[in-house]
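The values are calculated or read from the model by the stated rules, or taken from the named source; none is laboratory data. Computed from a predicted structure; not experimentally measured. For neighbour counting, all protein chains shown are included, and Cβ atoms are generated from backbone atoms with ideal geometry for every residue, glycine included. Ligands, DNA and RNA are stripped out before the accessible areas are found, and what is left, the full protein with its side chains, is counted by its heavy atoms. Shrake-Rupley method; radii C 1.70, N 1.55, O 1.52, S 1.80 Å.
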Amino acid sequence: MATVDPVPPPLLLEREQEHPELTLHRRTSHEVLADLDELPDAIVIDGDHNWFTLHEELRMIGEKAGEGTLPLLFFHDVCWPHARRDTYYAPERIPEGEHPEIGEDVGLAPGNPGTDPLGLPYPAAALNEGGPKNGTVTAIEDFSRERGGVRFAVVPAFSASGALAGERPLRRRPRRGSSIPTTATPSSTGSSGTGSSTSSPATAAPS
Ligand SMILES: C[S@@+](CC[C@H](N)C(=O)[O-])C[C@H]1O[C@@H](n2cnc3c(N)ncnc32)[C@H](O)[C@@H]1O
């Protein structure tokens, strides 16, 4: 099993010590995916919750899968505040034109599409909710539309979890050793609908 985090939190460092079977890559998801020569059976994505980072992660995974079956994909934070609004660990990593207007040290409050100083504090987030290239579910829907033939389901518990899989049944593939090269180069950075599934990604996800 491998995990990816450019700035691993203390608990993850502890896990790395306790579990020799766990490989921790101290790089960004895009750096690791670019080096990946074989897709694992399943991937959990709970990294930088913004449209560009997630859409690019999905695009790279889709590209590696080609015409084959996608890995089973799990997501965290596919409801409020992330579903339709970007937040950023490192806004400097997001190219111009790939993000809405960003505010620093903003507060996010349920039901308020703008910002609220009394809201949940975020070091960097989109100033407004909604619209294109904004939010985790928007990224998953855009990818699902681009790829076709996938199902996306949301379980609305604690910022919510989601799963995405190809509609064609997953074929069980023989276990193989880890395929990610272990060049751990530390990078530069310094962190909420109804349980349903449908093949058209535009309807199941939370608004
Ligand atoms: C929402 S936390 C979740 C962490 C972990 N999954 C957990 O449940 O404790 C997001 C994590 O993603 C990491 N992160 C931020 N940008 C990343 C990127 N581009 N690639 C990979 N991980 C990233 C952060 O350092 C942070 O530890």
Scan of the range 6-37 for residues that are charged (D, E, K, R), open to solvent by 40 Å² or more (accessible area, probe 1.4 Å) and closer than 29 Å to Thr138 by Cβ, ordered by number: Arg26, Glu31, Asp35
Residue satisfying all of: in the range 1-11; part of a loop (DSSP other than H, G, I, E, B) and modelled with pLDDT of 95 or more; nearest to the chain's Cα centre (by Cα) among these: Asp5
Among the residues listed as His19, His49, His25, His30, the single one being of a type outside the set (D, E, K, R), closer than 19 Å to Ser161 by Cβ and at pLDDT 95 or above: His49
Residues of the range 71-80 satisfying the condition of being aromatic (Phe, Trp, Tyr), within 14 Å of the chain's Cα centre (by Cα) and buried (at least 19 other Cβ atoms within 10 Å of the Cβ): Phe75
Those residues of the range 12-64 which are touching an Asp or Glu at 6+ places or on another chain (Cβ under 9 Å), of a type in the set (S, T, N, Q) and either outside any helix (DSSP H, G or I) or more than 13 Å from the ligand (Cβ to nearest atom) (or both), in sequence order: Thr23, Thr28, Asn50
Criterion (over 21 Å from Pro123 (Cβ atoms) and open to solvent by 30 Å² or more (accessible area, probe 1.4 Å)) met by exactly one of Gly68, Gly62, Gly111: Gly111
Any hit, the range 92-106, residues being buried (at least 22 other Cβ atoms within 10 Å of the Cβ) and modelled with pLDDT of 95 or more: no
Check on Val150, touching a helix residue (DSSP H, G or I) at 6+ places or on another chain (Cβ under 6 Å), modelled with pLDDT of 95 or more and crowded, with 19+ Cβ neighbours inside 10 Å: yes
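Can you tell me which residue among Ala139, Ala83 is in a loop (DSSP other than H, G, I, E, B), of a type in the set (A, V, I, L, M, F, W, C), buried (at least 20 other Cβ atoms within 10 Å of the Cβ) and within 14 Å of the chain's Cα centre (by Cα)?
Of Ala139, Ala83, the one residue that is in a loop (DSSP other than H, G, I, E, B), of a type in the set (A, V, I, L, M, F, W, C), buried (at least 20 other Cβ atoms within 10 Å of the Cβ) and within 14 Å of the chain's Cα centre (by Cα) is Ala83.
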Total residues in the range 114-136, condition open to solvent by less than 10 Å² (accessible area, probe 1.4 Å) and not in a strand (DSSP E or B): 3
Near pairs, Cβ below 9 angstrom, 6+ apart or cross-chain, from the range 8-37 (over 23 Å from Asn50 (Cβ atoms)) to any residue that is in a loop (DSSP other than H, G, I, E, B) and open to solvent by 70 Å² or more (accessible area, probe 1.4 Å): His19/Met1; Glu21/Met1; Leu22/Met1; Thr23/Met1; Thr23/Ser178; Thr23/Thr182
Filter result for Ile45 (aliphatic (A, V, I, L, M), open to solvent by less than 10 Å² (accessible area, probe 1.4 Å) and under 30 Å from Gly103 (Cα atoms)): no
Among the residues listed as Ala157, Ala184, Ala139, the single one being among the small types (Gly, Ala, Ser) and at pLDDT 95 or above: Ala139
